[in-house]
Amino acid sequence: MALSSKDSFEDLHLNIDDLETRTSIEQRTVENSIESIFATCMGRNRLRETFPLHRTRHISYLYRGLRQLSDSYECLDASRPWLCYWIIHSLNLLGEKLSNEHQLQIGRFLKSVQDEAGGFAGNIGQMAHLADTYAAVSAICSLDLPECFEMIDCNALAEFIRSVKHEDGSICMHKDGELDVRGAYCATVAASLCGVMDKELFSNTAEWIAKCQTYEGGFGSQPGTEAHGGYTFCALAALILLNRTELIDLDQLLNWAVHRQMKFEGGFQGRTNKMVDGCYSFWQGGIFPLIHHVMSRQNAKLDENCWLFDQTSLQDYILLCCQYPSGGLIDKPGKSRDYYHTCYCLSGLSVSQHCFSGSKKVQGDPNNLLEPTHPVFNICVKKVGPALKYFNKKSVFVVENNDKDDSSDT
């Protein structure tokens, strides 16, 4: 949606019949709230150059989270590596460099939750979990100190992944735990970054992931479940790491993905008939660089200066509707800020600003430009190289029958 080209929002509102449901009422409420924000900006005849990213406020909010969390985060006691990752990655995107002292403190904490089984736990004394392992590895690779890289036991990590993998290729999140496509993504990312990727470790995994694609085109958590943005990103990213994207219907995936961007709000929904949510700025918006990568390798004719979604509208939604006044980012107007949404709103904003060719699309103040994030790992691009170099990994991809290194394209 281009704000400057619309005198009325009426034709963009959800078009529903006379049947009122709880969902349609909530959708209309969200649209009215967002319309008020958009109309206020237009009514003041403001130019996009005046829509700033409140960088200083966000940085201050993130540093507070490193020092001390409020009681509301008690429910995330088993997710402390995630809090480290969300905060570190957000600071990196904003161009803020952590002190060596901060980095070492974070590294020591993450080492303390590394289980003897090889993976990382959510907190001290808890069992290893693939989600926390992904978060811990991503957080450590987002730091700048080799001393922190040394804290990962890569061989034990490979053994942990092997212990939670089934013969059909599916991967549990933890021993005897839930089974979904997140396991495949978390495992392939951790293995790729730490240099322990091999064919045997992920035998049949790509085939199992492909079974999770639904009739809509997106991917569910398991075969036979509903397509969802987070699972779809995880599935496609894992298949790219495994170099097996030929197993899926890419055209149907693209069709599903483009229809998840909300016509009125500009942001993304996670599933069909759901409301906009700022976190899907990455989980859905981040799918498009991956699709672009796969299509470009199939010699498709694509504009390298843009992705296949409306980058302008997404940036408008994030900048105008998702910034909490005193710092941090949110799901949608009226919601509370948190580190999860701060991370993924900023990640989505970064995706929408940086294009395949290296060109940039920056809405609002030119100073809104963030650091580019790697579209597969979702850690800053400039952090990927040092980590891979340390772990002696020449390519972030398993390459079979192909001499080309995919990592240079993605």
May I ask you to verify whether Cys212 is surrounded by 24 or more Cβ atoms within 10 Å (Cβ to Cβ) and within 16 Å of the chain's Cα centre (by Cα)?
no
Condition first: crowded, with 24+ Cβ neighbours inside 10 Å, more than 28 Å from Gln252 (Cβ to Cβ) and polar (S, T, N, Q). Can you find one or more residues in region 322-331 that meet it?
no
Going through region 86-108 one residue at a time, which ones are closer than 13 Å to Cys148 by Cβ and part of a helix (DSSP H, G or I)?
Ile88, Asn100, Glu101, His102, Gln103, Leu104, Gln105, Ile106, Gly107, Arg108
Qualifying positions in region 138-185 - of a type in the set (Asp, Glu) and under 26 Å from Ala206 (Cβ atoms):
Glu159, Glu167, Asp168, Asp176, Glu178, Asp180
State yes or no: is Leu349 within 17 Å of Ile240 (Cβ to Cβ) and either aromatic (Phe, Trp, Tyr) or part of a helix (DSSP H, G or I) (or both)?
no
Here are some residues: Ser142, Ser163. Which one is in contact (Cβ under 8 Å) with a residue 40 or more places away in the chain, among the hydroxyl-bearing types (Ser, Thr, Tyr) and surrounded by fewer than 24 Cβ atoms within 10 Å (Cβ to Cβ)?
Ser163
Among the numbered conditions (1) more than 16 Å from the chain's Cα centre (by Cα); (2) more than 21 Å from Thr40 (Cβ to Cβ), tell me where Ser350 comes up short.
(1)
Restricting to region 109-147, count the residues that are over 25 Å from Ser347 (Cα atoms), outside any loop (DSSP other than H, G, I, E, B) and modelled with pLDDT of 95 or more.
4
Could you count how many residues in region 231-252 are in a helix (DSSP H, G or I) and either in contact with a strand residue (DSSP E or B) (Cβ under 7 Å, 6 or more places away or on another chain) or basic (Lys, Arg) (or both)?
3
Residue that is surrounded by the fewest Cβ atoms within 10 Å (Cβ to Cβ), among those in region 41-57 that are out of contact with any helix residue (DSSP H, G or I) (no Cβ under 7 Å at 6 or more places or on another chain) and at pLDDT 85 or above
Thr56
Can you tell me which residue in region 281-312 is nearest to Gly217 (Cα to Cα), limited to those that are among the hydroxyl-bearing types (Ser, Thr, Tyr) and surrounded by fewer than 22 Cβ atoms within 10 Å (Cβ to Cβ)?
Ser296
Considering region 272-313, residues that are within 12 Å of the chain's Cα centre (by Cα) and not in a helix (DSSP H, G or I), and then whichever is nearest to His374 (Cα to Cα), we arrive at Gly286
Out of all the residues in region 156-180, which are assigned to a loop (DSSP other than H, G, I, E, B), of a type in the set (Gly, Ala, Ser) and modelled with pLDDT of 95 or more?
Gly169, Ser170
Filter result (of a type outside the set (A, V, I, L, M) and crowded, with 16+ Cβ neighbours inside 10 Å) within region 111-122:
Lys111, Gln114, Asp115, Gly118, Gly119, Phe120, Gly122
If Lys175 meets every condition in (1) in contact with a helix residue (DSSP H, G or I) (Cβ under 8 Å, 6 or more places away or on another chain); (2) under 23 Å from Pro375 (Cα atoms) apart from one, which number is that one?
(2)
Please work out which one of (1) within 19 Å of the chain's Cα centre (by Cα); (2) within 17 Å of Val189 (Cβ to Cβ) is the condition Arg244 fails and give its number.
(1)
Can you find a residue in region 64-81 that is closer than 30 Å to Asp316 by Cβ and among the charged types (D, E, K, R)?
yes
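The values are calculated or read from the model by the stated rules, or taken from the named source; none is laboratory data. The shown structure was predicted, so the numbers you read here are calculated from the model rather than taken from an experiment. Glycine also receives a Cβ, built like all others from the backbone with ideal geometry; neighbour counts cover every protein chain displayed.
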